[in-house]
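The values are calculated or read from the model by the stated rules, or taken from the named source; none is laboratory data. Since the model is a prediction, treat every value here as computed from it, not as a measurement. We place every Cβ from the backbone using ideal geometry, glycine too, and count neighbours over all the protein chains shown. SASA here: full protein model, heavy atoms, side chains in, ligands and nucleic acids out. Shrake-Rupley method; radii C 1.70, N 1.55, O 1.52, S 1.80 Å.
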Amino acid sequence: MHVFEGFLPSPWWQLWFVFSIPVILYGMYKLNKLVSERREVVPLLAVAGAFIFVLSSLKLPSVTGSSSHPTGTGMAAILFGPAITAVLGVIVLLYQALFLAHGGITTLGANTASMAIIGPLVAYLFYRAAAKSGMNFYLNVFLATAIADWVTYVVTSAQLALAFPSAEGGILGSFTAFATVFATTQVPLAIMEGALTALIMKYVVQIKSDVLVDLDVLTTSAVTKLKEAME
Amino acid sequence: MAHILDDYAVLSPLRYKNNWLKIAIVTFGLLAGVSSNSPLVPFLIAICMSFATLYFAKVPASFYFRILAAPAGFVIVSVVIIAFFFGEGAKLFSFDVFGLTLGVSKAGLDMALLVFARTLGGMSCLFFLSLTTPMIELFSVLKATKLPDSFLEIAMMMYRYIFVFLDVAVGVKYAQSVRLGYKDFKTSFRSMVMLGTNLFIRSWEQGEKIYVSMNARCYDGKLILLDDKRPVEMPELMLTLAYFALVVLTFYFTRTVSVL
């Protein structure tokens, strides 16, 4: 969910930039290192970013009829790791603000924090931990992306609550209010996005599994096992 | 499919105006709007920027108001929450829900109005930029900053491929829907998965192909971008300064108006 332009008042939009900029700089440093070692990743990362943008502009089929879009960043985090995803995410968010009127420039810091940094980081950590414990790959992808999607909404609710504390309950009071409206309504959407990503992964394993091995998402033996299970 | 504002920007009569001037106008509006204490300043900015977008950039009014309504869902819900929960003092009106008293105080209502005005002002500034300046023009501005080359290159190639993949996505979606691929919830989910997968695999193969083709054309990690000089003309400068002065004056006179 994007926080729109002008929504966050003065100390808060700057603070979220202060939070996001070091992470992005770290991501750029990692990116530069990767690019100097393997030049062929530049076009691959560019098309991956374009893929995130296009995926996030598709409408999810929804039961309630409300319009909603997948974030796509959970999938990117599993594929490319959180540092690179943060950099791709900033570019995607900037393009969304300029092309689709989603988000904004002063709120770019806050949106980056929730959608390009915290959400993907959660997805990545969950995926790695669960993969180590031997969880089924598809279930793992489903849970990682669904949780990341939902965490994004919780962070956005927290951002709004910090900026507009409630008179009686303080920050916690308004967080409850924002989270009730935004985070609970997003649970079905998070499940949808998780299911979508898991099924996309299933087809990718079927058709082009070497990509997943290249990106270090799965080992060769894991891919063979998944393919055997399909037959 | 969402509207790509860039389509309007490419054809905009303001496209070949000085980029830095446009960015200065927008940055000024964004900062003045977000730091003002009175809803009057952002409203004034919204009116000026909308006028500039509709009159100088000749954006169709029906399209403009439709995109201006895009954030409405998010903004209305959040503004209502702020109105109910923010600020203390005498309640203007209140009612009971399940034993809980919900009320709107003066401070809460003022804050909600201010946030609404700021979002409106901010969005109209953003629309002015995105409806008059195609991304290609902004790249030359970004080149002047100290951002690393690899970052800018990825941003530029991403820009190109967004349009390629959007075309693919629109085509596939159309083909799916004429075959009743979106007739109910289950089939639309299935179609969407296939669309996503296809897009991913296609984009991956495309990425490998571009690398080969760029290498064959002596790509050495740098895309060179040339921009032409576009001096700021006097009438534009005068108009911009008049706008700045108007906003600064309003800002100055409303600074003591405490709505908080």
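Some values worked out for this structure:
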quantity	calculated
Accessible surface of chain B [probe 1.4 Å, protein heavy atoms]: carbon and sulfur percent	69
Axial C-alpha extent at least 18 Å, average Kyte-Doolittle at least -0.5 - helices from chain B (DSSP)	B:19-35, B:72-85, B:106-132, B:149-178, B:185-216, B:234-253
Computed [θ] at 222 nm, helices only, for chain B once each DSSP H run of length n ≥ 4 contributes -39500 (n - 2.57)	-23000 deg cm²/dmol
Cα→Cβ-extended label distance, 7 Å offset, between B:E205 and A:I207, nm	0.8
Residue mean of other protein chain beta carbons inside 10 Å, A:177-184	3
Translational diffusion of the protein assembly as shown, µm² s⁻¹ [Kirkwood Rh, Cα pairs; Stokes-Einstein; 20 °C; 1.002 mPa s]	90
Ordering of A:106-114, B:75-83, A:94-102 by burial proxy (mean other Cβ atoms within 10 Å per residue, highest first)	A:106-114, A:94-102, B:75-83
B:R160-A:L215 pseudo-label distance in nm [points 7 Å out on the Cα-to-Cβ vector]	2.2
Exercise: per-residue mean of other protein chain Cβ atoms within 10 Å, A:195-202	4
Gap separating the Cα centres of the range B:30-66 and the range A:92-115, nearest whole Å	19
The range B:133-152 residues near the modelled B:L226 label - backbone nitrogen below 11 Å, point 7 Å along Cα→Cβ	none
Cross-link table A:K208/B:K173; A:K208/B:K222; A:K132/A:K227; A:K30/A:K225; A:K227/B:K186; A:K208/B:K183, entries beyond 27 Å C-alpha to C-alpha	A:K208/B:K222; A:K30/A:K225; A:K208/B:K183
Stretch gain in nm, segment B:L239-B:K106, where the contour uses 0.36 nm per residue and the Cα spacing is subtracted	44.1 nm
Total charge dipole magnitude, chain B, about the Cα centre, Cβ charges on Lys, Arg, Asp, Glu only, Debye to nearest 20	340
Carbon and sulfur %, accessible surface of the range A:114-231 computed with the full protein complex present, 1.4 Å	67
Contact surface B-A: accessible area buried, both sides summed, square angstrom, 1.4 angstrom probe	6700
Solvent-accessible area per residue, Å², over the range B:158-235 with all protein chains present [probe radius 1.4 Å]	65
At least 10 Å² accessible surface lost relative to isolated chain, residues of the range B:18-37 (1.4 Å probe)	B:L30, B:L31, B:V34, B:S35
Probe 1.4 Å, protein heavy atoms only - accessible area per residue of the range A:10-230 in square angstrom	38
log10 of Debye I(q)/I(0), alpha-carbon scatterers only, for chain A at 0.12, 0.13 Å⁻¹	-0.67, -0.78
Nearest-ten-degree value, helix A:187-214 long axis tilted from longest Cα axis of chain A	30
Separation of the B:D149 and B:L54 label points, Cα + 7 Å toward Cβ, nm	4.7
Among A:L218, A:P188, A:A97 the positive-end extreme of the charge dipole of chain A (Cβ point charges)	A:L218
Rg/Rg_ref, the range B:140-216, where Rg_ref = 2.2 N^0.38 Å and atoms are Cα	1.48
Chain B: most fluctuating residue of B:P42, B:P231, B:P13 per GNM, C-alpha cutoff 10 Å	B:P231
Contour excess over end-to-end distance, with Cα ends at A:N136 and A:E40 and 0.36 nm allotted per residue	31.4 nm
